[in-house]
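FYI, it's all coordinate maths here, none of it is from the lab. Computed from a predicted structure; not experimentally measured. In this analysis, Cβ positions are derived from the backbone assuming ideal geometry, glycine residues included, and neighbour counts consider all displayed protein chains.
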Amino acid sequence: MDFKRFFACFAVAALCFTTTAYAAEKANLNSATEEELAADPAIGPDLAAKIVEYRGNVGDFTSYEELKEVEGITDTKIKEINEHFEIKGVASFDCNC
């Protein structure tokens, strides 16, 4: 009985650690290079160039909604981008898309 309880606690702890480690792997959208952005299948080279151009003209993104000002970015695209990139200091994008 004690072994089962230990194993269950270990499994939960391992799951929590894995989830935390995965979340830490997200890159900062505002500091990612064009090459890093282009390497993501949700972004690709054309959209990466537009994101970098926008940042150069306007500055860092301050919200996920602001991403929609970049041609070709929709709510669905933001959700895909948010799987690998984050805007530091901004809560993750949440939509019903």
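Computed from label points 7 Å out along Cα-Cβ, the spacing between ALA39 and LYS79 is 2.7 nm. Please list, or write none, the lysines whose alpha carbon is within less than 26 Å of the alpha carbon of LYS68, excluding same-chain residues fewer than 8 places away. Cross-link targets: LYS26, LYS50, LYS77, LYS79, LYS88.
Note on ASP94 and ASP60: their simple-model spin labels are 2.3 nm apart, each label 7 Å out from Cα toward Cβ.
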